[in-house]
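Asks: I have a structure I would like to understand better, so I am pasting it below and will then ask my questions one at a time.
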Amino acid sequence: SRIPERILGASNTVELILNDQLRNKNTTELYNKLAHYKGIDVNSSSMLTASLSTRGFNHPRSERMLQMVDFADTQSPGFGLNFGNMFGISELDIHSIEILHGPASALYGANAFNGVVNMRSKDPFIHEGISINAKAGTNNLLQVQARYAEKYNNFLAFKMNVSFFRADDWIPENFTSQINDLNNNEEGSPLGYNAVNIYGDLDQTFQLEENGIPIDTSITIYTPGWTETDLVDGDE
């Protein structure tokens, strides 16, 4: 309702998560921390691509989940999708997160069919000083965040946030032959074969003939295709 009110008296189910609670959850992605709370589903498809949903209808793009920062919509204007916290704010600058479960269109419109996530940032008039957060992990993961806020007087204050993140995403390397392909060749066949993590390995089946007469035998040839490393090599 955009006015202070008691959670028990709110007209909708609201989950209030404070900054202190988020710091106790050790994950790289902010939205993965929210998965520990009731009624919240998180779908992770990459390091920084995690989508949120409440009360079912989970989807990798979280299309019908309204996500805001201080009541400003953070949805990608070009794609009309939500990509985790890529367009959100630094964890150091989060004061609290309010989550409205399920349909909330009465207050926020039809695009809030699956719920609302509103991140409240820290007020520089109240939260001053320097804060630094650093994380390191496997897959060459490195995350560094810094926040600086200063209050000059009762009418003028500023804050600045800087974030850096890098990691090597998981690359699938299962090159065994797919068993659910009835026309598939054995692994290592000179005619090629349909591998689990090879993409673009198209097939073409040929009917064999003997003296110009088709016989009950056919062969299938597969194009080489590309591995996932070939497709994303050099991407940053």
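Asks: ILE132 versus (1) farther than 30 Å from LYS38 by Cα; (2) in a strand (DSSP E or B); (3) open to solvent by 70 Å² or more (accessible area, probe 1.4 Å): which is the lone unmet condition?
Replies: (1)
Asks: Which members of region 6-40 meet the condition of being of a type in the set (D, E, K, R), outside any helix (DSSP H, G or I) and farther than 18 Å from GLY137 by Cβ?
Replies: Of everything in region 6-40, those that are of a type in the set (D, E, K, R), outside any helix (DSSP H, G or I) and farther than 18 Å from GLY137 by Cβ turn out to be ARG6, GLU15, LYS38.
Asks: Separate question: Tally the residues that are touching a strand residue (DSSP E or B) at 6+ places or on another chain (Cβ under 6 Å), more than 23 Å from VAL232 (Cα to Cα) and among the charged types (D, E, K, R), restricting the search to region 187-218.
Replies: 2
Asks: Would you say TYR152 is among the aromatic types (Phe, Trp, Tyr) and crowded, with 16+ Cβ neighbours inside 10 Å?
Replies: It is false that TYR152 is among the aromatic types (Phe, Trp, Tyr) and crowded, with 16+ Cβ neighbours inside 10 Å.
Asks: Continuing with this model, one more query. In region 136-149, what residues are open to solvent by less than 40 Å² (accessible area, probe 1.4 Å) and closer than 20 Å to PHE125 by Cα?
Replies: ALA146, ARG147, ALA149
Asks: Can you confirm whether ILE215 is surrounded by 10 or more Cβ atoms within 10 Å (Cβ to Cβ), within 30 Å of LEU231 (Cβ to Cβ) and β-branched (Val, Ile, Thr)? Break it down stepwise before answering.
Replies: Working: surrounded by 10 or more Cβ atoms within 10 Å (Cβ to Cβ): yes; within 30 Å of LEU231 (Cβ to Cβ): no; β-branched (Val, Ile, Thr): yes.
Taking the combined requirement at face value, the residue does not satisfy it.
Asks: Here is a further query. With the structure loaded, tell me whether GLY39 is modelled with pLDDT under 75, in contact with a strand residue (DSSP E or B) (Cβ under 8 Å, 6 or more places away or on another chain) and not hydrophobic (A, V, I, L, M, F, W, C) or whether it fails that test. Walk me through how you get there before you give the answer.
Replies: Working: modelled with pLDDT under 75: no; in contact with a strand residue (DSSP E or B) (Cβ under 8 Å, 6 or more places away or on another chain): yes; not hydrophobic (A, V, I, L, M, F, W, C): yes.
For GLY39, the condition - modelled with pLDDT under 75, in contact with a strand residue (DSSP E or B) (Cβ under 8 Å, 6 or more places away or on another chain) and not hydrophobic (A, V, I, L, M, F, W, C) - is not met.
Asks: Would it be correct to say that ASN197 is surrounded by 11 or more Cβ atoms within 10 Å (Cβ to Cβ) and more than 30 Å from LYS122 (Cα to Cα)?
Replies: Here the answer is yes, as ASN197 does meet what is asked.
Asks: Right, something else. Looking only at region 155-190, which residues are within 16 Å of THR227 (Cβ to Cβ) and surrounded by fewer than 10 Cβ atoms within 10 Å (Cβ to Cβ)?
Replies: Step one: list which residues in region 155-190 are within 16 Å of THR227 (Cβ to Cβ), which gives 168-178, 187-188.
Residues satisfying the conditions are ASN174, GLY188.
Asks: Looking at region 211-233, which of the residues that are hydrophobic (A, V, I, L, M, F, W, C) and part of a strand (DSSP E or B) is farthest from LEU191 (Cα to Cα)?
Replies: Looking at residues that are hydrophobic (A, V, I, L, M, F, W, C) and part of a strand (DSSP E or B), I get ILE213.
The values are calculated or read from the model by the stated rules, or taken from the named source; none is laboratory data. Predicted model only: the values in this text are computed from it and were never measured. Note that we place each Cβ from the backbone using ideal geometry, even for glycine, and neighbour counts take in every protein chain shown. With ligands, DNA and RNA removed, areas are computed over all heavy atoms of the protein, side chains included. Shrake-Rupley method; radii C 1.70, N 1.55, O 1.52, S 1.80 Å.
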